[in-house]
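Written below as structure tokens is the structure these notes are about.
The values are calculated or read from the model by the stated rules, or taken from the named source; none is laboratory data. As the structure is a prediction and not an experimental result, all values here were calculated from the model. Heads up, the Cβs are rebuilt from the backbone with ideal geometry, glycines too, and the neighbour counts pull from every protein chain shown. Ligands, DNA and RNA are excluded from the accessible area calculation, which covers all protein heavy atoms including side chains. Shrake-Rupley method; radii C 1.70, N 1.55, O 1.52, S 1.80 Å.
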Amino acid sequence: MTTESADPKGATNDETDNTKEATEDVTITKFGSVSVKRSTPKPAADLPLDWTKLGKPDDDDDDNQHPEMPLRFPHDVTDNLQLTPDEIVLVGTAGLKITHLGNNLSNTCTDPHKLQRLVFRSHMIHKMEGLAAFTNLELLELYDNQIEELADLEVFASTLRTLDMSYNVIREISPVSCCENLTELYLANNKIKTMTGISTLTKLRKIDLGANRIRVIEELSNLIHLEELWLGKNKIEMIQGLETLTKLRRLDVQSNRLTTVENLETQLDTLEELYLAHNGINDEGASQPTGLALKFPNLIVLDLSRNELTSCNPFTHLESLEELWISGNKIESFDDVEPLKQPKANGTSNAISLETVYLEYNPVAKEFEYRKRLAEWIPSLKQIDATMIGGVHHTTAGSGGFGGIGSNKGILLGAAPTKEYLQKLQDAAIQRAKAENSE
């Protein structure tokens with residue numbers, strides 16, 4: 001195989017002029033006696049934009065006048081930074097984004113000592129700076145920036161109540177230990193590996209460390225006032241270290257590496273919501289004596305979606321439960337759902353009174369009249385999966401019921417669209433038409 005650019009050598013001047021335009025962008029590739037003509041790729045046009053040089057020094061400028069990001073301070077974004085004496089709020093979801101707070105940030109305030117709330121949300125800020133004059137801050141929010149390190153917190157450590165540094169690139173949280181009066185701490189979506197540094201925050205009521213790289217639940221023993229603990233999307237393998245958290249109401253450990261639910265004895269009387277979706281918990285793991293085998297008299301919401309459950313047996317004793325989310329498990333048939341039936345098969349009453357149940361993406365959800373049977377078995381239900389129940393559970397002639405068909409067979413809309421289901425719908429329509437004609 002040979003390749004050559006087309007060139008009308010040997011042609012007359014007139015021929016050359018006539019064929020030059022047609023051949024100068026053509027490459028001829030020969031395969032033996034066969035020649036294939038292809039268009040010759042044109043060289044890429046030079047990109048005129050300076051963004052192609054971001055992060056690269058200018059060879060002609062020793063002082064490097066082309067930094068990675070343009071310097072942009074708060075006063076470059078708005079002329080009216082402080083709308084009230086005690087608050088600065090600047091959200092960068094649209095328009096220009098701040099890249100530097102600057103050391104003179106306090107000069108933009110009428111009285112920095114009166115400022116209580118400082119919010120720079122969704123910008124491109126890399127460093128905490130210029131905060132030294134704000135000695136009475138109660139809320140600091142630098143959510144969704146590029147901050148790598150917590151700094152300058154000592155200045156307002158005694159007054160700060162809420163700190164939100166979620167969606168940054170922070171690796172260490174130990175600098176927060178000086179803020180002993182914090183009641184809410186948000187550090188979700190960073191690069192944190194350990195919980196070291198929070199043990200001194202004894203007044204915390206809510207902490208969010210979700211979407212980090214934490215492997216062990218620790219440093220919580222002194223946080224006796226904690227009511228909400230959010231640890232979803234980490235690398236945690238065991239629930240532990242909650243022994244002193246006697247006021248905990250919400251616990252989120254979803255999207256981790258749990259296989260069992262345990263060590264929740266202290267939360268027996270306080271736990272209201274428990275989120276454990278996207279783990280590896282099976283029936284045995286959900287029935288541990290120090291975990292969900294406890295009665296939890298105030299538990300309202302339980303989320304075990306996307307686990308390894310095969311039945312509803314682990315939940316029948318949870319009398320206060322109103323919402324049960326177990327979609328995406330391995331619950332095969334209605335025999336596996338029967339433990340939730342009211343009354344039970346043996347004639348005894350089931351104390352559980354569910355209002356919402358999510359069973360979608362289980363094999364049982366594909367069964368005929370799935371919604372109808374659930375509604376019949378659990379009369380307290382108001383919602384099945386994402387669909388509200390809009391009427392009485394048994395439809396009769398002339399009543400709306402679920403689907404408004406008016407059949408005494410109780411056919412429901414929302415069931416799986418199988419051939420049998422469609423046939424029943426057709427039969428019901430025919431029977432209704434006959435009834436109308438006979439009248």
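Brief remarks on what is shown
- For the peptides 378-385, 298-305, the ranking by packing is 298-305, 378-385, with the highest mean count of neighbouring Cβ atoms within 10 Å listed first.
- Summary of packing: across the peptides 249-257, 237-245, the per-residue average of other C-beta atoms within 10 Å ranks them, highest first, as 249-257, 237-245.
- Cβ-derived FRET efficiency at R0 22 Å, SER199 paired with ASP269, nearest 0.05: 0.35
- Between THR110 and GLU218, full extension at 0.36 nm per residue minus the direct alpha carbon distance yields a gain of 34.6 nm.
- Spin-label pair TYR361/SER333, simplified geometry with 7 Å Cα→Cβ offset, distance in nm: 2.5 nm
- Across the stretch 232-380, Cα-Cα pairs farther apart than 19 Å form 50% of the total.
- Spin-label model distance (nm) - THR290 vs ALA386, 7 Å beyond Cα toward Cβ: 3.9 nm
- Spin-label pair VAL155-HIS317: with each label point 7 Å from Cα along the Cα-Cβ axis, the two points sit 5.5 nm from one another.
- Were the residues from ILE300 through GLU376 laid out at 0.36 nm apart, the gain over their Cα-Cα distance would be 25.2 nm.
- From most to least packed by mean Cβ count within 10 Å, the peptides 75-85, 201-211 give 201-211, 75-85.
- Per-residue 3J(HN,Hα) values for the stretch 184-198, derived from phi via the Karplus relation 6.51 cos²θ - 1.76 cosθ + 1.60 with θ = phi - 60°, read 9, 10, 10, 9, 5, 6, 10, 10, 7, 9, 9, 9, 4, x, 9 Hz in sequence order (x marks Gly and Pro).
- Diffusion coefficient, µm² s⁻¹, Stokes-Einstein with Kirkwood Rh over alpha-carbon pairs of the stretch 99-169 at 20 °C and 1.002 mPa s: 177 µm²/s
- Sulfur and carbon atoms: percent of accessible area, the stretch 153-303 [1.4 Å]: 46 percent
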